[in-house]
Amino acid sequence: MKAKKINYIWFAPIITLGIMLILYAINGVFPFGNSTTAVNDGIAQYMPFLSEFAYKIKEGGSLFFSWHAGRGINFWANLAYYLSSPLNFIALLFPVERMDDAFSIITLIKLALMSLTFSIYLRYTYRRNDLSIVIFSVVWSLSAFTIGTTYLLTWADALIFFPLVIM
């Protein structure tokens, strides 16, 4: 009987999710508390955009213009920039007043996807299927650079796709 071969690329996102969920629990981040991962641009830009987007989709409103910022803004340009990531549609599952929770969940998913795509890259490039793929992929997704820029959700997509582009 032939032994099943373990596909190690799936361990990296699972371990990344596990580590981040432990950190979320320690720091009281959703779903373990009321804290959020949103800082800086996350609070000033992403959460207001996600709130406005969810409001417009759920309540009906123009996707071209918004009166909820300054004297009004071209919402279409913001829509094109922020919704370049399909994961931002997860925000539609949350009430407008809980966009900080949506932000935290989107961040969590994007970190897991970073480790998944990097493990795919390592497996393809080095023709290996062992624990080293898992270790380096988790290190890639939880490096100081990626954690330090998680408040820039749009740029996290670049870190997800970068290994695939290089591949």
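Details
- Extension gain, residue 62 to residue 97, is 10.6 nm, computed as 0.36 nm per intervening residue step minus the present C-alpha separation.
- Given +1 at the Cβ of Lys and Arg, -1 at the Cβ of Asp and Glu and no other charges, the dipole of the chain around its Cα centre is 780 debye to the nearest 20.
- Distance between the modelled labels on residue 145 and residue 44, one decimal in nanometres: 2.4 nm (7 Å Cα→Cβ projection).
- Taking a straight line from the alpha carbon of residue 56, these aspartates and glutamates sit under 15 Å away, with near neighbours fewer than eight places off in the same chain left out: 97.
- Crossing angle, helix 11-27 versus the chain [Cα axis fit, 0-90 degrees, rounded to tens]: 50 degrees
- With a Förster radius of 45 Å applied to the C-beta separation of residue 10 and residue 71, the computed FRET efficiency comes to 0.35.
- Sequence-distant residues sharing a close amide H with residue 66 (under 5 Å, placed H): 73, 75
- Against the main long axis of the alpha-carbon atoms of the chain, helix 131-141 sits at an angle near 20°.
- Applying D = kT/(6 pi eta Rh) to the chain, where Rh is the Kirkwood radius over alpha-carbon pairs, T corresponds to 20 °C and eta to 1.002 mPa s, the Stokes-Einstein value obtained is 125 µm²/s.
- C-alpha center-to-center spacing [the stretch 7-59, the stretch 76-101] in angstrom: 12 Å
- Most mobile listed residue (67, 140, 155) in the chain, GNM with C-alpha springs under 10 Å: 67
- Efficiency of FRET from Cβ geometry, residue 22 and residue 154, R₀ 30 Å, rounded to 0.05: 0.70
- Quarter of Cα convex hull surface for the stretch 85-167, i.e. mean projection, nm²: 5.6 nm²
- Cβ-defined net charge surrounding residue 155, 12 Å radius [Lys, Arg +1; Asp, Glu -1]: -1
- 0 to 90° range, to nearest 10: angle between helix 153-166 axis and the chain longest Cα axis: 30 degrees
- Computed E for residue 126/residue 90 - FRET, C-beta separation, R0 41 angstrom, nearest 0.05: 0.80
- Note, ³J(HN,Hα) from phi for the stretch 31-39, Karplus 6.51, -1.76, 1.60, rounded to Hz, x at Gly and Pro: x, 9, x, 9, 6, 9, 8, 6, 9
Only the coordinates and a few stated rules stand behind these numbers; no lab work does. Here the structure is a predicted model, which means the values were calculated and not measured. All Cβ positions, even for glycine, are placed from backbone atoms using ideal geometry, and neighbour counts span all protein chains on display.
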